[in-house]
Amino acid sequence: MMEACERLVMPGDDVTSDTEDKAGVVLGPGLRREAGDQVRVTKPGVMRMRWVNEKKCFWVDVHSKRYVANRGENVIGVVLAKMGDTFRVDIGTAEPASLSYLAFEAATKRNRPNVNVGDLVYAKLLVASSHTEAELVCVDGYGKKAGMGVLAGGGFMFSVSLNLVRKLLAPDCVLLTKLGECAPFETAVGVNGRVWLRARSVKETMLLAQAVNSAEYMTNEEIGLICDKLGDIMAGF
């Protein structure tokens, strides 16, 4: 649930009074806690708040093209090289991230994952800091792949704005659900502004990708109308 506390903020703004709560709050991207529990803005944008597990979560919504790695986020990367037991992966940041061959489900020294240069991987950021190299894993906290790993079997990866990614991942966005009514498909959405999509044919894949790209500024009602028209087009294939 989103509350109407949105306001424009700039780097350096003191938002301590806005983010105070006896039950505790969670600070997301764009906000930093300083000495004396003071909270300041680090990025220009719109400060938003959402209730998560009965706690207030604050963050600054920034319309930017450059991705900044944050721990715990799911990203789509491209394997650039293999260096010993580690893969170098491009996730759209200034420097590549590292991915160990042991960071896959059931991976051992004898049972190594089949990962090649040029492969797409859907992974989670285990370590992300401005002072250290980003580190990826393809398993959850229980050692299961949970949908992560190499995105094999074809498909199409395309880049979108970080704003559109946040919209796709929002619980109230109906786009992916509505597209699923038009044609069956698989998708992976990376917070780093990359979307992977695979449908039954190249033509369907490209049509669905175009629909995703065009929906950034549409309301749910407009998305429903566009998807209905797309369904009629696909029915004529």
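Shown are K229, K167, K43, K109, whose ranking by accessible area with a 1.4 Å probe and every protein chain present, most to least, is K109, K229, K43, K167. Both numbers refer to the Cα atoms of the chain; Rg and Dmax are 19.7, 64 Å. You can think of it this way: the chain between K144 and V46 has 31.7 nm of extra reach, that is 0.36 nm per residue less the Cα-Cα gap. Spin-label model, T177/E20: points 7 Å from Cα along the beta carbon direction are separated by 3.9 nm.
Once a ≥ b ≥ c are taken as the square roots of the eigenvalues of the Cα gyration tensor of the stretch 113-162, is the result rounded (a/c under 1.5), prolate (a/b larger than b/c) or oblate (a/b not larger than b/c)? Walk me through the numbers on the way to the answer.
Values: a/c = 1.74, a/b = 1.21, b/c = 1.44.
In terms of gyration-tensor shape, oblate.
Comparing V62, V78, V195 in a Gaussian network model of the chain (Cα springs below 10 Å), the most mobile by mean-square fluctuation is V62.
Taking R0 as 25 Å, what's the FRET efficiency between R71 and K229 from their Cβ-Cβ distance, rounded to 0.05? Each step should come with its number before you reach the end.
Numbers: r = 41 Å, r/R0 = 1.63.
Plugging the Cβ-Cβ distance into 1/(1 + (r/R0)^6) gives 0.05.
Which whole-number value in Å³ per residue fits the convex hull of the alpha carbons of the stretch 9-83?
On the way: hull volume 10.7 nm³, N = 75.
Cα-based convex hull of the stretch 9-83, divided per residue, equals 143 Å³.
For F87, nonlocal amide neighbours, meaning residues 5 or more places apart or on other chains whose placed amide H falls under 5 Å from its own, are L99, S100, Y101. So with the 1.4 Å probe, I'd like the accessible area per residue for the chain, rounded to whole Å². On a per-residue basis, 56 Å². Rounded to the nearest 20 debye, the dipole size of the chain about its Cα centre is 760 debye, using +1 on the Cβ of Lys and Arg and -1 on the Cβ of Asp and Glu.
Compute the Cα gyration tensor for the stretch 172-237, then decide on rounded, prolate or oblate, letting a ≥ b ≥ c be the square roots of its eigenvalues: rounded whenever a/c is under 1.5, prolate when a/b is larger than b/c in the other cases, and oblate in all that remain. Because a/c hits 1.5 or more and a/b fails to exceed b/c, the stretch 172-237 counts as oblate. Under 12 Å of direct C-alpha separation, and excluding same-chain neighbours fewer than eight residues apart, K56 reaches these aspartates and glutamates: E3, D18, E20, D21.
Evaluated on the stretch 113-237, the Kirkwood hydrodynamic radius is 16.0 Å, with distances taken between all distinct Cα atoms.
Over 20 Å between C-alpha atoms is what I'm after, so list which of K124/K145; K124/K144; K109/K144; K145/K167; K167/K203 land there. Write down the numbers at each step before the final one.
Working: K124/K145 10 Å; K124/K144 12 Å; K109/K144 18 Å; K145/K167 25 Å; K167/K203 25 Å.
Pairs exceeding 20 Å: K145/K167; K167/K203.
If you roll a 1.4 angstrom probe over the protein chains with everything in place, what fraction of the accessible area of the chain belongs to carbon and sulfur, to the nearest %? Working shown, then result.
Details: 7060 of 13330 Å².
That fraction is 53 percent.
Under the rule a/c < 1.5 gives rounded, and otherwise a/b versus b/c splits prolate from oblate, where does the stretch 77-120 land using the Cα gyration tensor? Cα axes put the stretch 77-120 in the prolate bin.
Compute a Gaussian network model of the chain, connecting alpha carbons closer than 10 Å, and tell me which residue from V174, V165, V191 fluctuates the most. Highest fluctuation of the listed residues: V174.
By the Kirkwood approach, averaging reciprocal distances over each pair of separate Cα atoms, the stretch 1-127 gets a hydrodynamic radius of 17.1 Å.
The values are calculated or read from the model by the stated rules, or taken from the named source; none is laboratory data. The structure displayed is predicted, hence computed values, not measured ones. All Cβ positions, glycine included, derive from the backbone under ideal geometry; neighbour counts span all protein chains shown. Only protein heavy atoms, including side chains, enter the accessible area calculation; ligands, DNA and RNA are left aside. Shrake-Rupley method; radii C 1.70, N 1.55, O 1.52, S 1.80 Å.
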